[in-house]
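Here is the structure we will look at.
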Amino acid sequence: MRRIVVIGAGPAGLAAANAAALHGVEVVLIDAGAKLGGQYHRQDALAAGDRFELPRNVEHVANAAVWAIEPVDGGHRVHLRVGPADGPDRKGRAVEARALVLATGAYDRALPFPGWDLPGVFTAGAAQAMAKGQGVAVGDRVVVGGTGPFLLPVAASLIGAGARVVEVAEANAAVTGWLANPKGALAGWSKTGELMRYAGTLARHRVPYRSRTAVIEAHGSDCVESVTVARLDALWNPVPGSERRLEADAVAVGFGFTPQLELALAARCRVEDGFVAVDAVQGTSAPGVFAAGELTGIGGAELAASEGAVAGAAAAKFVGAAVEPPVRAMAKVRSGRRFAAALNAAYPVRSGWHDWLRDDTIVCRCEEVTKRALFRAVDERDVGAVRSLKLVSGAGLGLCQGRVCGRNVAELAGVDATGFAKRPIASPIRLAELAEEEPVESPIDAEESGRALGVEY
Amino acid sequence: MRVRFDGVEVEAHEGQTVAGVLLAKGIRSWRTTRGGDRPRGLFCGIGVCFDCLVNVNGVPDVRACQRVVAEGDDIRTQAGAELPS
């Protein structure tokens, strides 16, 4: 049987599963969520049913944690635990396939600032997920901060969930500036209409939207009680004297996104500039492994879906299905990447954030490593790369495995952050789960897989 | 459905996560850190940061943002590093 495994059921993974299924390939679609759609199409978890329908030859494995991918003769073996999150009763599975599509997405980058470890400080994605998925606002009076167009839908969702958004602080230039009259590289971008609607919601609710502004401190003893926002110069250094104190019980911050690279690295895909390198059919450097969506570059849901369609078709072809080149989706990928590049250039993260930190500001939340401790370790010991940085400072050694602090502490220490995603166990599991040997489902027929395969159209 | 949080009965709905139940009740923190004994609660909301850890039915280190509640769940705050009971 021709079978592929797709990991991640967001826009990219859904499109990949649909494209491969359309070509008669059996698809195992694995996702951490209970419902399809991932972060972008996050569904109301309290409502019955699922918005998305899948073809019959797609098996949707929900509530699953993929913790390892290993090479086997002729393909790949994917290890997962299925069941209530982090519970001891999850069922172990091992699925083999000759082709994989990785669509593991990305998560918010959070920059540290004094008080960011207080309860009441959330990532922008958390505020969005709680509002859309759980129907609850993360606070009553919320300050939204960070950079990029994503701050607009987050603020709109918070308003929809009943919160008062005190202010939206954009660290770069205002999104609303070019939104009304998109020129240059962003002219013709299909998302401007949607963003205009969010901007309209903010205007109707009289939410101040300030550019070149950031939350540089959260105050409170056991919970956020107020925040300090400040104007930033072009390098994101706070402008002295521009500080304002805002009363708020919650802060939602997001400074762009970090791709979930660990499974791609486990599958031996080459990473360039922090993203999985892919060819014109979304093929990675690892034979039979395709990648789509935010893993290959931050570009939003529409580009992710186009990449997914290309990747799903290529994976189907790789396992022997008759596939015509998906030329329309490939063209959409090319134009989508142009918009994504323009957008990413407009919303960079500048190094001035280093100066938001004080000596006692925590940089690694799990291991409670302060800036002082990090710098002392770097100064006194010979830190060559991520591995030694982790060992001498303790940063990134906790349960999140450096997902939250990795890019920040690597930047502060002056090393490349990719090493943080090299994790033999891709997501934490319990020792008893690790010790258990799962039965391998439909193992690959090594003889059949010995045939020459490829995706040249 | 009904679950318990630190011994007190709390009303919950099908599909809610532990974090969803607690935040809806106005509870912001349900864990203290191992080193500094500092309060923590939800942070990333999508299963990445492991900050929202909580004890569910005697098992510690369960991500409150990922765990969907079930009837009768016994949810407890977690102090530092705990061993399963």
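The values are calculated or read from the model by the stated rules, or taken from the named source; none is laboratory data. It should be emphasised that the depicted structure is a prediction, and the values quoted were computed from it without experimental measurement. Reconstructed Cβ throughout: ideal geometry from the backbone, glycine too, with neighbour counts over all protein chains shown. For the accessible areas, the whole protein counts, side chains as well, though only heavy atoms, and no ligand, DNA or RNA atoms are used. Shrake-Rupley method; radii C 1.70, N 1.55, O 1.52, S 1.80 Å.
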Quiz item: So is residue A:73 open to solvent by 10 Å² or more (accessible area, probe 1.4 Å), of a type in the set (Asp, Glu) and within 14 Å of chain B (Cβ to nearest Cβ) or not?
Solution: no
Quiz prompt | Residue in the range A:276-299 that is nearest to the other protein chains (Cβ to nearest Cβ), counting only those that are over 15 Å from residue A:99 (Cβ atoms) and surrounded by fewer than 21 Cβ atoms within 10 Å (Cβ to Cβ) | solution = A:277
Quiz item: Out of all the residues in the range A:257-274, which are within 14 Å of another protein chain (Cβ to nearest Cβ) and under 28 Å from residue A:144 (Cβ atoms)?
Solution: A:257, A:258, A:259, A:260, A:261
Quiz item: residue B:32: facing chain A (nearest Cβ under 7 Å) and within 12 Å of the chain's Cα centre (by Cα), yes or no?
Solution: no
Exercise. Among the candidates A:123, A:147, single out the residue that is within 11 Å of another protein chain (Cβ to nearest Cβ) and either out of contact with any Leu (no Cβ under 6 Å at 6 or more places or on another chain) or open to solvent by 10 Å² or more (accessible area, probe 1.4 Å) (or both).
Key: A:123
Quiz item: Can you pull out the residues in the range B:40-82 that are open to solvent by less than 20 Å² (accessible area, probe 1.4 Å), within 27 Å of residue A:41 (Cβ to Cβ) and within 7 Å of chain A (Cβ to nearest Cβ)?
Solution: B:41, B:42, B:43, B:44, B:45, B:47, B:48, B:49, B:50, B:51, B:62
Quiz item: Within the group A:263, A:232, which residue is surrounded by 22 or more Cβ atoms within 10 Å (Cβ to Cβ), in contact (Cβ under 8 Å) with a residue 60 or more places away in the chain and not assigned by TED's automatic domain parsing to the domain that holds residue A:169?
Solution: A:263
Self-check item: Criterion (more than 14 Å from chain B (Cβ to nearest Cβ), open to solvent by 10 Å² or more (accessible area, probe 1.4 Å) and modelled with pLDDT of 95 or more) met by exactly one of A:135, A:160
Solution: A:160
Quiz item: Residues of the range A:87-117 being open to solvent by less than 10 Å² (accessible area, probe 1.4 Å) and within 11 Å of another protein chain (Cβ to nearest Cβ), which ones?
Solution: A:87, A:110, A:116
Exercise. Only strands (runs of 3 or more DSSP E) wholly contained in the range A:63-113 count here; list those with 1 or more residues that are free of Cβ contacts under 8 Å to residues at least 12 places away in the same chain.
Key: A:91-97
